[in-house]
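Taking it in order: structure first as structure tokens, then the write-up.
Bear in mind that the values in this text are calculations on the coordinates, not laboratory data. Keep in mind that this is a model prediction, so the values were computed, not measured. We place every Cβ from the backbone using ideal geometry, glycine too, and count neighbours over all the protein chains shown.
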């Protein structure tokens, strides 16, 4: 991931995690998501079955704040982002999520909150999942 032409984060085998924070999300939400992502069995075992977690494969994560995931495109031609938390709520919870992910055994590099980031991805699989809190 680059900001202003400089590499600010990267990961090898692991997860690219795009995080959108909603206004009602809290520390409990962040903890649930961190534990869920650390334990998801989405990496292949020796037989090619998804039986290993990112912790099992000693992977890491690149975590990017991405408020546009909550973009609502149902009306008109311009997305509405009213379902996304304001930055004063979203940024601390995004950072807390990264801390909790690390505490769950997944080294996590962070993007720069609010920056215009250039993200490159080699999707090995591909496996792309939407993980939302209960």
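Observations, loosely collected:
- Which labelled figure in (i) 1.08; (ii) 0.99; (iii) 1.20 is Cα Rg over 2.2 N^0.38 Å, once derived from the coordinates: (i)
- With neighbour counts taken as other beta-carbon atoms within 10 Å, the residues 70, 94 rank, fewest first, as 70, 94.
- Here the peptides 100-108, 58-66, 23-31, 3-11 are ranked by packing, the mean other Cβ count within 10 Å, and the order with the highest first is 58-66, 100-108, 23-31, 3-11.
- Against the main long axis of the alpha-carbon atoms of the chain, helix 87-103 sits at an angle near 10°.
- Each Cα pair of region 33-83 feeds into the Kirkwood radius, which the Stokes-Einstein equation turns, at 10 °C and 1.306 mPa s, into a diffusion coefficient of 116 µm²/s.
- CD proxy at 222 nm, helix term only [per DSSP H run n ≥ 4: -39500 (n - 2.57); per residue of the chain; nearest 500]: -7500 deg cm²/dmol
- Simple spin-label estimate for residue 112 and residue 8 gives 0.4 nm between the two label positions (7 Å along the Cα-to-Cβ direction from each Cα).
- Within the chain, antiparallel bridges make up roughly 40 percent of the DSSP beta bridges whose residues both belong there.
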